[in-house]
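Asks: Okay, here's the structure, questions in a sec.
Each reported figure results from applying straightforward, stated rules to the coordinates on display, with no laboratory input. Remember, it's a predicted structure, so these values are computed and weren't measured experimentally. When we count neighbours, we look across all protein chains shown, and the Cβ atoms used for this are built from the backbone with ideal geometry, even at glycine.
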Amino acid sequence: MRQRWNSIKRSQIDNTKILLNQYNQAIIEWKTRNTQADCPPTLDELFAQKFVNAKPVDTWAQPLVYRCPG
């Protein structure tokens, strides 16, 4: 049972890492198309504009936190 629980936890962590990488790539793509601003206003905006396919919520249903430097 413990091994199964560890497998589930590892899967959740891996899925969240994939999501973070997708949002990182989406931010890079957004920046190339929007040269007037440094960063997208929100991660929800990236989802709304179809830069990513998943809402900015991790595997534990917690919102992703995003801060634009500067």
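Asks: Only residues that are farther than 13 Å from residue 68 by Cβ and either over 14 Å from the mean Cα position of the chain (by Cα) or among the β-branched types (Val, Ile, Thr) (or both): list them for segment 13-48, please.
Replies: 13, 16, 18, 28, 32, 33, 35, 36
Asks: Taking into account only those residues within segment 55-70 that are of a type outside the set (Val, Ile, Thr) and either surrounded by 15 or more Cβ atoms within 10 Å (Cβ to Cβ) or touching a helix residue (DSSP H, G or I) at 6+ places or on another chain (Cβ under 6 Å) (or both), which is farthest from residue 8 (Cα to Cα)?
Replies: The qualifying residue farthest from residue 8 (Cα to Cα) is 66.
Asks: Among the residues of segment 1-51, write down those that are of a type in the set (Gly, Ala, Ser) and surrounded by 11 or more Cβ atoms within 10 Å (Cβ to Cβ).
Replies: 11, 26, 48
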